[in-house]
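In what follows, a single structure is set out as structure tokens and then discussed.
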Amino acid sequence: MLENLLKQLDWDKSELIPAIIQDYQNKEVLMLGFLNQEALKLSLETGFMHYFSRTKNRIWQKGESSGNYQKIITINFDCDRDSLLVMVEQKGSACHSGSRSCFFRTLENNPTTTLQSQNKPEENIFDTLYHTLLERKFASSDTSYTASLYKKGFNTICKKISEETGELICEIKDKNKEQIIYESADVFYHIFVALASFNIHPDAILQELKRRFVFSGIEEKNSRKS
């Protein structure tokens, strides 16, 4: 059945077919992605959008790290059979910047400002930091501190988290608010390095915290013992 569906598209022109993703309710254009045959198979089998990342050279499911999944409503293809229009139910933001849509910039006829942000969303610093750390995995350890942590491995990353936590504890004891903020940022940073090592988006931590709202602290701790 899936093979018959795939044969409806023209894969001879390219191994990757572009897909315009649109919100099924308000018809807002959310993003543009690319699918190879395997990504389309997975999308059809699961009912959720999968793409082929040209940067990472692998298939990925939308929302696999952020939780912002795209449930497929309909898939149409154009007259040339080489592009898709997909209506989805979008959970959260489609853009990694935190914007609902990836298309939030306007091209302006201005020699000094070529790209003008339109309704630019507030920066999601956790998301920005996370994706920056992912990029640093492939940077030179000679010029990037983060890359040097990845190169040295988990023992070094764990040691740094322990060291920075100890420094934060000292500042808390001294009741130094400015240094508490500074050292907390260091702790967060090194924890994020560890999370990025396992491709765990910080949204997963936020979702776990949200889950715990329905329990008292005592109930939550007792639930772990069983």
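The values are calculated or read from the model by the stated rules, or taken from the named source; none is laboratory data. Values in this document were obtained by computation on a predicted structure and should not be read as measured data. Here the Cβ positions follow ideal geometry from the backbone for every residue, glycine too, while neighbour counts run over all protein chains shown. Only protein heavy atoms, including side chains, enter the accessible area calculation; ligands, DNA and RNA are left aside. Shrake-Rupley method; radii C 1.70, N 1.55, O 1.52, S 1.80 Å.
Atom-type composition of the exposed protein surface of the chain places 54 percent of the accessible area on carbon and sulfur (1.4 angstrom probe). Amide H contacts under 5 Å for Phe48: Ile72, restricted to partners 5 or more places along the chain or on a different chain, H placed in the peptide plane at 1.01 Å from N.
Using only Cα atoms, what is the ratio of the radius of gyration of the chain to 2.2 N^0.38 Å?
The reported ratio for this selection is 1.27.
Were the residues from Ile73 through Glu38 laid out at 0.36 nm apart, the gain over their Cα-Cα distance would be 10.7 nm.
Per-residue packing, averaged as other Cβ atoms within 10 Å, sorts the ranges 48-54, 143-149, 174-180 into the order 48-54, 143-149, 174-180, beginning with the highest. Taking 0.36 nm per residue of separation and subtracting the current Cα-Cα distance, fully stretching the chain between Ser184 and Thr165 would add 6.1 nm. Here the dipole of the chain is about 540 debye; that uses its Cα centre as origin and unit charges on the Cβ of Lys and Arg (positive) and Asp and Glu (negative).
When you work out D = kT/(6 pi eta Rh) for region 46-93 at 10 °C and 1.306 mPa s, using the Kirkwood radius from C-alpha pairs as Rh and the Stokes-Einstein form, the result is 135 µm²/s. Only Cα pairs under 8 Å and 6+ residues apart enter the sum, and on that basis the relative contact order of the chain stands at 14 percent. Here the Kirkwood formula, the inverse mean of 1/r across different C-alpha pairs, assigns region 118-199 a hydrodynamic radius of 13.8 Å. Which cysteines does the chain leave without a neighbouring Cys Cβ under 4.7 Å? Lone cysteines by the Cβ rule: Cys79, Cys158, Cys170.
Scattering from the C-alpha atoms of region 1-61 alone, worked out with Debye: what is log10 I(q)/I(0) at q = 0.12, 0.15, 0.22, 0.25 1/Å? For the requested q values the scattering log ratios are -0.30, -0.48, -0.96, -1.14. Compared with the alpha-carbon gap, the fully stretched path from Lys27 to Phe138 is longer by 36.2 nm at 0.36 nm per residue. Sorting the segments 129-139, 151-161 by their residues' average number of neighbouring beta-carbon atoms within 10 angstrom, most packed first, yields 129-139, 151-161.
Any chance you could give the angle, 0 to 90 degrees and rounded to 10, that helix 154-174 forms with the longest Cα principal axis of the chain? Long axis of 154-174 versus the principal axis of the chain: about 50 degrees. Rolling a 1.4 Å probe across the protein heavy atoms gives the chain an accessible surface of 66 Å² per residue.
Scanning residues 5 or more positions from Leu30 or on other chains, those with amide H under 5 Å from its amide H are Ile21, Gln22, Asp23, with H placed 1.01 Å from N in the peptide plane. 3J(HN,Hα) along region 7-22, derived from phi through the Karplus expression 6.51 cos²θ - 1.76 cosθ + 1.60 where θ = phi - 60°, amounts to 5, 6, 9, 8, 8, 6, 6, 7, 6, 10, 10, x, 10, 7, 9, 10 Hz, with x in place of Gly and Pro. Rg/Rh for region 149-190 (Cα atoms only, Rh after Kirkwood) is 1.07.
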